[in-house]
Amino acid sequence: MKLSPSDFSIRKKERQKIKMVTCYDYTFACLINNSDIDSVLVGDSSANVVHGEESTLSATVRIMASHTRAVHRGLSDKFLVTDMPFLSTRLGRSRGVYAAGRLIEAGADAVKIEGAGGNTELISYLVQSGIPVMGHLGLTPQFYHAFGGYKVQGRSDEAAEKLRTDALAFQQAGCFAIVAECIPSVVAQILSDALDIPLIGIGAGAAADGQILVLHDLLGLTSFKHKFVRRYLDGASLVQNALNSYCSDIADGTFPSAEEAFSK
């Protein structure tokens, strides 16, 4: 049965781990829909994974809405969250509401916003307007330049306390859940203990109330491997082997066979 925003906190109270994965297209959405995954994120990581960009910053509301429509068509009982792209929350409240509304109209059940600082007023307004919001702290890829690259966050006591303050600010603003990316596991435990809403980790250790990974990473379709990624399939080799078998069958004339051709 499809989760609702309130079900996320219920899962936390009942100590049932929340299982999330990213998705960007209809075909994979159909496969995910028949799995045990609880919730799907249309991440702005589509800029990297699908469009070959070096960062997520090139993702736009139009691009995110397009991916959301495709994924929504393949899902029937998974809670769908879509990233608000770079700067979409920083152009004034009306522009932020418009952007979030476009993503909801495209099929998202909620939007995800990176960083609490400067965003809590918009988050509160969106929640009051009927748009559920998930927060995102720690390594927030939209702050790639400010961080000086992709680095673990919250290692110092001061930085860890800032994460705790931001997490509570997200909760106070009305977020139903928070993604914590690339933070020490001990900090994730502190945040989870401080929150009534679930903390969903990616590179945050086992203390989080749930986990999320990029689909293409866990399927082994990408060429690089983060420390926190576990590959559940050697997808790249499987696809390449299938393509080579196809080429071989064409070359030796065994494809198409008579059964794979039309008669007059």
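The values are calculated or read from the model by the stated rules, or taken from the named source; none is laboratory data. Keep in mind that what you see is a predicted model, and the values were worked out from it rather than measured. Note that each Cβ is placed from the backbone with ideal geometry, even for glycine, and that neighbours are counted across all protein chains shown. To get the accessible areas, we keep the full protein, side chains included, count just its heavy atoms, and leave off ligands, DNA and RNA. Shrake-Rupley method; radii C 1.70, N 1.55, O 1.52, S 1.80 Å.
Just wondering, is there one or more residues in region 49-56 that are under 19 Å from residue 110 (Cβ atoms) and crowded, with 24+ Cβ neighbours inside 10 Å? It would help to see each step written out before you state the result.
Kept after step one, since they are under 19 Å from residue 110 (Cβ atoms), are these residues of region 49-56: 56.
With the extra rule that they be crowded, with 24+ Cβ neighbours inside 10 Å, the set shrinks to none.
There is no residue in region 49-56 that is under 19 Å from residue 110 (Cβ atoms) and crowded, with 24+ Cβ neighbours inside 10 Å.
Filter region 12-67 for residues that are assigned to a strand (DSSP E or B) and not small (Gly, Ala, Ser); which is nearest to residue 98 (Cα to Cα)? Full working, then the answer.
Filtering region 12-67 down to residues assigned to a strand (DSSP E or B) leaves 18-22, 39-42.
Those left that are additionally not small (Gly, Ala, Ser): 18-22, 40-42.
On the way: 18: 29, 19: 29, 20: 26, 21: 26, 22: 23, 40: 22, 41: 20, 42: 18 Å.
For region 12-67, the residue satisfying everything is 42.
Report yes if residue 142 is open to solvent by 20 Å² or more (accessible area, probe 1.4 Å), under 22 Å from residue 227 (Cα atoms), in contact (Cβ under 8 Å) with a residue 12 or more places away in the chain and in contact with an Asp or Glu (Cβ under 8 Å, 6 or more places away or on another chain), otherwise no. Outline the logic, then answer.
Values: open to solvent by 20 Å² or more (accessible area, probe 1.4 Å): yes; under 22 Å from residue 227 (Cα atoms): yes; in contact (Cβ under 8 Å) with a residue 12 or more places away in the chain: yes; in contact with an Asp or Glu (Cβ under 8 Å, 6 or more places away or on another chain): yes.
In short, yes.
Anything in region 186-202 that is part of a loop (DSSP other than H, G, I, E, B) and open to solvent by 20 Å² or more (accessible area, probe 1.4 Å)? List them, or say none. Let's see the steps before the verdict.
As a first pass, look at region 186-202 and keep what is part of a loop (DSSP other than H, G, I, E, B): 195-198.
Once the filter is applied, which keeps residues that are part of a loop (DSSP other than H, G, I, E, B) and open to solvent by 20 Å² or more (accessible area, probe 1.4 Å), region 186-202 yields only 196.
Of all residues in region 194-211 being touching a residue at least 40 places away in the same chain (Cβ under 8 Å) and out of contact with any Asp or Glu (no Cβ under 9 Å at 6 or more places or on another chain), which is nearest to residue 30 (Cα to Cα)?
Taking the candidates together, the pick is 211.
Name every residue in region 81-96 that is open to solvent by 40 Å² or more (accessible area, probe 1.4 Å) and either among the acidic types (Asp, Glu) or not in a loop (DSSP other than H, G, I, E, B) (or both), in order of residue number.
Residues satisfying the conditions are 93, 94, 95.
So how many residues does region 212-227 have that are open to solvent by less than 70 Å² (accessible area, probe 1.4 Å), out of contact with any strand residue (DSSP E or B) (no Cβ under 6 Å at 6 or more places or on another chain) and assigned to a loop (DSSP other than H, G, I, E, B)?
4
Any chance region 59-76 includes a residue that's under 19 Å from residue 137 (Cα atoms) and either surrounded by fewer than 21 Cβ atoms within 10 Å (Cβ to Cβ) or not hydrophobic (A, V, I, L, M, F, W, C) (or both)?
No, every residue in region 59-76 fails to be under 19 Å from residue 137 (Cα atoms) and either surrounded by fewer than 21 Cβ atoms within 10 Å (Cβ to Cβ) or not hydrophobic (A, V, I, L, M, F, W, C) (or both).
Here are some conditions: (1) under 25 Å from residue 176 (Cα atoms); (2) in contact (Cβ under 8 Å) with a residue 60 or more places away in the chain; (3) aliphatic (A, V, I, L, M). Residue 49 meets all but one. Which one does it not meet?
Among (1) under 25 Å from residue 176 (Cα atoms); (2) in contact (Cβ under 8 Å) with a residue 60 or more places away in the chain; (3) aliphatic (A, V, I, L, M), the lone unmet condition for residue 49 is (1).
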